[in-house]
Amino acid sequence: MNRKRENSKWAPFESLFRTKDVEQEITKEKEKCSKPTLSEDTLLENEKKLLDAYHTKSEIKITYYYNGYIYEKSSSIAFLNYQNIEIFLKDHTTLYFEQILKIIFL
């Protein structure tokens with residue numbers, strides 16, 4: 001009796017087709033969402049909070065949109081680039097103003 005045949009006979013399907021990886025990829029794609037549209041008032045409020053947090057060096061929680069997903073990050077602002085509208089955080093993250101959905105002071 002061939003022992004190799006006996007062991008591979010009961011192997012799960014994921015070893016043959018990598019269905020686990022495909023299933024995770026499909027689940028991740030289903031969780032994607034479109035970027036929420038913000039009103040003019042919300043954009044102005046975010047800009048004011050951003051400038052206030054930069055000048056007071058206070059800790060903030062930023063909710064932002066990137067590549068189909070919504071993320072949250074807590075940090076303080078290290079530098080603002082007004083020309084490219086970039087925000088450099090102290091944890092070495094770079095965000096753009098268009099990505100920001102919400103700012104909360106901690």
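General remarks:
- Within the shell defined by Cβ-Cβ distances under 14 Å, the residues around T37 carry a net charge of -1, with Lys and Arg each +1 and Asp and Glu each -1.
- Charged neighbours of S75, selected by a Cβ distance under 10 Å, balance to +1 (K, R count +1; D, E count -1).
- The label-point distance for Y82 and S39, in a model that sets each label 7 Å from Cα toward Cβ, rounds to 2.8 nm.
- Principal axis box of region 51-106, alpha-carbon based, largest edge first, Å: 31, 27, 18
- Based on Cα contacts under 8 Å between residues 6+ apart, region 20-76 shows a relative contact order of 31 percent.
- In Å², nearest 10: area of E23 left accessible to a 1.4 Å probe: 120
The values are calculated or read from the model by the stated rules, or taken from the named source; none is laboratory data. Please read these numbers as outputs of a predicted model, since none were measured by experiment. Every residue, glycine as well, gets a Cβ built from its backbone with ideal geometry; the counts of neighbours run over all protein chains shown. The area values use the complete protein model at the heavy-atom level, side chains included, leaving out ligands, DNA and RNA. Shrake-Rupley method; radii C 1.70, N 1.55, O 1.52, S 1.80 Å.
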